[in-house]
Amino acid sequence: QVQLAESGGGLVQPGESLRLSCATSGKIFGRMSWYRQASGKQRELVAIIYGDDSTDYSPAVKGRFTISRDNAKNTVYLQMNNLRPEDTATYSCLDAYNNWGPGTQVTVSS
């Protein structure tokens, strides 16, 4: 079974940046997605990168976040710039076969 592991979360101040990583145990195939879930809220889709490297973003992060991949490292990234308190959540990655990572916590303080 494919394993996914997120890393790169932490505590930052508003306006700062983080880069999240999602390392996979196998080769990346097809779309990879980032989701987030804040306390008391439903999980929401943040960004998608497709097999052809096209991307889609939630309006809440468009222009601030960038999803990318490094196929040689079997890793997907989420560059998060100009972070806001409302970005505070557990961020999880999802592969095309519905495998989830355990998530990494991002906290944006003010």
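The values are calculated or read from the model by the stated rules, or taken from the named source; none is laboratory data. Every value quoted in this text rests on a predicted model; they were computed, and no experiment measured them. Every residue, glycine as well, gets a Cβ built from its backbone with ideal geometry; the counts of neighbours run over all protein chains shown. Remember, those area values only see protein heavy atoms, side chains included, never the ligands or the DNA or RNA. Shrake-Rupley method; radii C 1.70, N 1.55, O 1.52, S 1.80 Å.
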> Only one of (1) surrounded by 12 or more Cβ atoms within 10 Å (Cβ to Cβ); (2) under 23 Å from Gln3 (Cβ atoms) is not met by Arg64, so which one is it?
Replying inline: (2)
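Report, by residue number, each residue of segment 15-30 that is open to solvent by 50 Å² or more (accessible area, probe 1.4 Å), within 23 Å of Asn74 (Cα to Cα) and modelled with pLDDT of 95 or more.
As a first pass, look at segment 15-30 and keep what is open to solvent by 50 Å² or more (accessible area, probe 1.4 Å): 16-17, 19, 25, 27, 29.
So of that shortlist, the ones also within 23 Å of Asn74 (Cα to Cα) come out as 17, 19, 25, 27, 29.
Hits for segment 15-30 are Ser17, Arg19.
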> Across segment 31-61, which residue is nearest to Glu86 (Cα to Cα) among those that are buried (at least 17 other Cβ atoms within 10 Å of the Cβ) and of a type in the set (Ser, Thr, Tyr)?
Replying inline: Tyr35
